[in-house]
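Structure, as structure tokens:
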Amino acid sequence: GGVIEVVTSGNARQGLHGSIAGSLGSFSTKTGNAIAEYGWPRTTFSVSVGLADTDRYLDPPVEQNYTNRATTSQAAVHLEHDLTDADRVGLIVRRAQVRLTVPNELVQQGAGQRQDRDSEETVGQFSYQRIVSTTLLGEVRGMARDLSAGLWSNAAATPILAEQDRGIRELYMKGTI
């Protein structure tokens, strides 16, 4: 046997809480993040966003660091609500993306090559939890996710003209007692 500990959102700090952070780093890297959470007696709602920009995303093949730039972004919303003392629901929605230029070698830079990549992810998750008794807990969770990645070149690409478009969609559901 094990011990099941359930923390309810009713124990969350009430009111508005949050933080904002930004930074400038080496390689002209800039980042910013913001998180805000609001708590009511039976509900917690939070939002987070983050952005970054850098001119040194990947390890460059040459010291000159040609075309090595990237931006990233992400945002998420999270809601938890206690319907009763025994029932809780949760929802999370998240979106993230990366856009970058692939670093060139000296020959590729001289030819005028430009290769771009991107990746995107959108995820939704839900949960329902029921305390049946002091020794029995039931839970249902689910997730839907869409993930994609792309790569493309201009006409001056060398030694090959690259192009790729791929992705995956997945659904997941689980129930436990």
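The values are calculated or read from the model by the stated rules, or taken from the named source; none is laboratory data. Keep in mind that this is a model prediction, so the values were computed, not measured. Note that each Cβ is placed from the backbone with ideal geometry, even for glycine, and that neighbours are counted across all protein chains shown. Calculation scope for accessible area: heavy atoms of the full protein, side chains included, ligands and nucleic acids excluded. Shrake-Rupley method; radii C 1.70, N 1.55, O 1.52, S 1.80 Å.
Over the chain, what is the relative contact order in whole percent, taking alpha-carbon pairs under 8 Å and six or more residues apart?
14 percent
Roughly how many Å² is the accessible area per residue of region 28-113, as a whole number, for a 1.4 Å probe?
56 Å²
Please report the accessible area of Ile20 (heavy atoms, 1.4 Å probe, ligands and nucleic acids excluded) in Å², nearest 10.
Rounded to the nearest 10, that gives 150 Å².
Would you list the P(r) distribution for region 81-177, with all Cα-Cα distances sorted into 10 Å bins from 0 and each bin expressed as a whole %?
Binned Cα distances yield the sequence 14, 27, 19, 15, 12, 9, 4, 0.
First select every other residue whose beta carbon is under 9 angstrom from the beta carbon of Lys174; then total the charges, Lys and Arg +1, Asp and Glu -1.
Here the count lands on 0.
Per the 1.4 Å probe, what fraction of the accessible area of region 68-177, in percent, lies on carbon and sulfur atoms?
Here carbon and sulfur together make up 57 percent of the probe-accessible area.
When the Karplus curve 6.51 cos²θ - 1.76 cosθ + 1.60 is applied with θ = phi - 60°, which whole-Hz ³J(HN,Hα) does each residue of region 64-76 get, with x for Gly and Pro?
Per residue, the Karplus-derived 3J(HN,Hα) values read 5, 6, 5, 6, 10, 10, 8, 10, 10, 8, 8, 8, 8 Hz.
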